[in-house]
1. Label points 7 Å out from Cα along the Cβ direction at residue 46 and residue 67: separation in nm?
2. Among 26-36, 60-70, how do they line up from the highest to the lowest mean number of other beta-carbon atoms within 10 Å?
3. Suppose R0 equals 25 Å; then what is the FRET efficiency for residue 55 and residue 21 from their Cβ-Cβ distance, rounded to the nearest 0.05?
4. Stretched out fully, how many nm does the piece from residue 14 to residue 37 gain, at 0.36 nm a residue minus the Cα gap?
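Please treat every number below as a calculation from the coordinates, not as lab data. Everything quoted here is computed from the prediction, not taken from an experiment. As a convention, Cβ positions derive from the backbone with ideal geometry for all residues, glycine included, and neighbour counts pool all protein chains shown.
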């Protein structure tokens, strides 16, 4: 049984994760580098799982706001307002596109 727990611990310690402070662009680079379509976002200090982001979600944001932080993306997802856009992110998206665009579509 010790073999199993050691193996599990080594797999967890090598997990690929993102932090809320990472940008959309950097997250997409990590996904591309490792061939992944979904990655967990973890708390930088405690290492606790906050949420997951998908490549599709990030691609919808990348062309307009590549430097948007994952924390803003996650906030938009959790609020689910106008297609999930936060006020601050919505304002930044409007500035980038020049129109009142809907969330990530």
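1. It is 3.1 nm.
2. Working: 26-36: 13.7, 60-70: 17.5.
Result, highest mean Cβ count within 10 Å first: 60-70, 26-36.
3. 0.85
4. Residue separation times 0.36 nm, minus the Cα-Cα distance, leaves 6.5 nm.
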